[in-house]
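Asks: Sharing a structure here in structure tokens format.
The values are calculated or read from the model by the stated rules, or taken from the named source; none is laboratory data. Quick caveat: nothing in here was measured; it's all calculated off a predicted structure. Positions of Cβ are generated from backbone atoms using ideal geometry, with glycine treated the same way; all protein chains shown enter the neighbour counts. The protein model used for the area step is the full one, side chains on, heavy atoms only, and it has no ligands, DNA or RNA in it. Shrake-Rupley method; radii C 1.70, N 1.55, O 1.52, S 1.80 Å.
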Amino acid sequence: MAKLQPQVQLLARIRQIWESARTQAARSVNTAHVCANWLIGQQIVQAEQGGQRRAGYGKALLKTLSTQLASEYGSGFSVSALQYMRGFFLGYPDLLAIQHAVRVEFAAAPTQHAPRGESWKPGVLHPNLSWTHYRTLLRVDTAQARSFYEIEAIKNNWSARELERQINSLLYERLALS
């Protein structure tokens, strides 16, 4: 029976290592996905509008891009998905502090967030927020409310579903009144 205890402890340590690696891998994939969508949004805004909030031919461009990208990469590039990416860049213009060529930007982007222990501010990439979190946050009308929900989602480790529930319950508005 004495030999069983070290094996149980070993198994627990191995499980902890594996689960930590899986969590880190998922977080890295999510961060890369968020960065890619922001960069795609940036490219769309710059191409269709020269950086302005509106452009006359944006819908035609998005439809063409959607058709071409969906044929190459499959689903995930619908017109509405591209609209979200464009809106993401416009809603979070400072998400990534980037000054390099696009291919270099994407390679560096996942490390642009503030490391643990350093200060973080709303509107800047955070590894605990997924693309679904950011899409949900984009539906919040005011920048102040969006920042509130962003901070609370990170502080309380909310899932995207919980974030949506809190937004729909008007948590920010209720707390602002009290």
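Asks: Rolling a 1.4 angstrom probe over the protein heavy atoms, how many square angstrom per residue are accessible across segment 117-178?
Replies: With the other protein chains kept in place, segment 117-178 gives 60 Å² per residue.
Asks: What is the extension gain from Q5 to L170, computed as 0.36 nm multiplied by their sequence separation minus the C-alpha to C-alpha distance, in nm to one decimal?
Replies: Stretched out fully, the Q5 to L170 stretch lengthens by 54.3 nm.
Asks: By average Cβ neighbour count within 10 Å, what is the ranking of 148-154, 34-40, 73-79, 135-141 from highest down?
Replies: Packing proxy ranking, top to bottom: 34-40, 148-154, 135-141, 73-79.
Asks: Report, to the nearest whole %, how much of the accessible area of segment 115-178 belongs to carbon and sulfur atoms, 1.4 Å probe, protein only.
Replies: 50 percent
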